[in-house]
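A quick write-up on the structure given underneath.
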Amino acid sequence: MARDQLFPIVYDELRRRAASYMRREDRGHTLQPTALVNEAYLRLTDQNAGWKNRSQFFAVASQIMRRILVDHARRQLAVKRGSGDHPVELDEAHVATDRPPALVALGNALKDLVKFDERKARVTVLHYFGGLSHEEIATVCGIHANTVSRDLRCSEAWLRGHSEA
């Protein structure tokens with residue numbers, strides 16, 4: 001199926017998922033859901049992967065959107081940290097307290113979880129960033145839905161322990 005034929009079919013679902021991700025972000029987030037969908041779609045179609053089913057397509061799309069959000073947060077942090085600007089005196093009243101550092105920390109924690117257990121990391125990303133149901137994740141990963149539930153509980157505990165460390 002050609003790129004121009006696929007986009008109208010998947011756009012509404014991608015837009016719904018992107019809007020869901022963006023609701024979890026800081027209100028002042030500079031990336032809009034439409035931009036997130038467009039960037040994710042471009043990356044998806046550049047891969048020219050033969051998608052086996054709907055769940056697999058949206059699982060990959062969700063991972064790409066998560067990477068885009070984490071990369072965007074890293075760029076925002078680089079800008080906040082100066083990235084070429086001249087040093088100024090710190091005034092604590094003007095220090096921003098928004099979510100990009102938390103999103104970057106989550107991205108780093110998920111990278112560490114991949115080293116600990118790749119499947120649990122994938123299941124977590126598909127569930128929380130992809131919005132896939134346990135049954136859809138089971139189909140994508142080739143495991144049982146009960147295994148998905150156990151993996152999610154384990155990875156949540158691991159991530160909590162990681163954030164306390």
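Which one is nearest to residue 55 (Cα to Cα), of the residues in the stretch 116-134 that are surrounded by fewer than 16 Cβ atoms within 10 Å (Cβ to Cβ) and at pLDDT 90 or above?
Among those that are surrounded by fewer than 16 Cβ atoms within 10 Å (Cβ to Cβ) and at pLDDT 90 or above, it is 119.
Identify all residues within the stretch 135-157 that are under 18 Å from the mean Cα position of the chain (by Cα) and surrounded by fewer than 21 Cβ atoms within 10 Å (Cβ to Cβ); write none if there are none.
141, 152, 156
The values are calculated or read from the model by the stated rules, or taken from the named source; none is laboratory data. The structure presented is a predicted model; accordingly, all values stated were derived computationally and were not measured. FYI the Cβ positions are ideal-geometry reconstructions off the backbone, even for glycines, and counts take in every protein chain you see.
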